[in-house]
Amino acid sequence: MQGDILYKLDNPAWYALAETHRSFAIGNFALKRYQKNIVSFFAYDHAHKDAFLEADRITDVGESFFIIGDMPVLPKNYDIESNLSCVQMICFEISDIPVAAVTIDRLGEVFEEQMLTLINNVQPGYFLRGTRQMGDYYGIWQQDELVAISGERMRMNGLTEISAVVTHPEFAGRKYAQQLVAHVSKKNIEVGIIPFLHVAESNERAIGLYHKLGFSPRRLIPFWKIKRIT
């Protein structure tokens, strides 16, 4: 039965905005976006390929945002800035891994500045001030400095995206990312939710790590960066 909901992953932002994250949604029956301070993701019902012809109602001139998956019909005043091909991976059971001698802490609002600093120094562009509201985030500290993080981004009924898998370069190689992804994934699996994630197709090291944890590739999916010109 778990596989019956995997079709949602072909249009993950749409189903997140229509289900678990509907309180963050702006738009209508065919076109939705997250509130600007949450994350720069837009989505459309794939049955309405021309939904973006109404996009001016919910965008600003000069604004850039992301579409995940199939490209809709774009109005003439929108340009494609870039296209990142990602491997979409899913997990039904996390592999047993050695438990490191580290403490994993849940990161609340009081740690917002540390989260923003770490993630945007290593992986800029995808994590905004309100992104932490999308789910639970967890981190590892060393000498009062946040050095590794992972958490939940797009969430829909039965599925949760693992995201913001970031380690400070000075602390790479200590398997902090492995510990954090395993922690967040187990949290979801234990309550019957399937974890999934997106990783750049070129990032072979990360893909290998996720394989070891029990994730398997589902498909390649593009992240289109779009900009409204006028």
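For region 59-77, residues that are over 19 Å from the mean Cα position of the chain (by Cα) and within 22 Å of Asp10 (Cβ to Cβ) total 3. Checked against (1) part of a strand (DSSP E or B); (2) surrounded by 23 or more Cβ atoms within 10 Å (Cβ to Cβ), Trp141 meets all criteria but (2). Filtering region 60-84 to residues that are surrounded by fewer than 13 Cβ atoms within 10 Å (Cβ to Cβ) and aliphatic (A, V, I, L, M) leaves Val61, Val73, Ile80. Checking every residue in region 178-191 against the condition of being assigned by TED's automatic domain parsing to the domain that holds Ser95 and farther than 30 Å from Arg22 by Cβ gives at least one match. Pairs are defined by a Cβ separation below 7 Å, a sequence spacing of at least 6 or placement on different chains, a first member in region 1-22 that is assigned by TED's automatic domain parsing to the domain that holds Met71, and a second member that is of a type in the set (Asp, Glu) and at pLDDT 95 or above; the pairs so defined are Pro12/Glu161; Trp14/Asp45.
For (1) surrounded by fewer than 12 Cβ atoms within 10 Å (Cβ to Cβ); (2) under 19 Å from the mean Cα position of the chain (by Cα), each residue gets a yes or a no:
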residue: Leu9; (1), (2): no, yes
residue: Ala30; (1), (2): no, no
residue: His48; (1), (2): no, no
residue: Arg57; (1), (2): yes, no
residue: Cys86; (1), (2): no, yes
residue: Val102; (1), (2): no, no
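The test for being outside any helix (DSSP H, G or I) and either touching a helix residue (DSSP H, G or I) at 6+ places or on another chain (Cβ under 9 Å) or surrounded by 14 or more Cβ atoms within 10 Å (Cβ to Cβ) (or both) holds for Thr20.
Ala172 falls short on exactly one of the conditions (1) among the hydrophobic types (A, V, I, L, M, F, W, C); (2) crowded, with 23+ Cβ neighbours inside 10 Å; (3) free of Cβ contacts under 8 Å to residues at least 12 places away in the same chain, and that condition is (2).
If a residue has to be in a strand (DSSP E or B), farther than 24 Å from Leu159 by Cα and touching a Phe, Trp or Tyr at 6+ places or on another chain (Cβ under 8 Å) to count, how many in region 52-89 make the cut?
4
The values are calculated or read from the model by the stated rules, or taken from the named source; none is laboratory data. Here the structure is a predicted model, which is why all the values come from computation and not from measurement. Note that each Cβ is placed from the backbone with ideal geometry, even for glycine, and that neighbours are counted across all protein chains shown.
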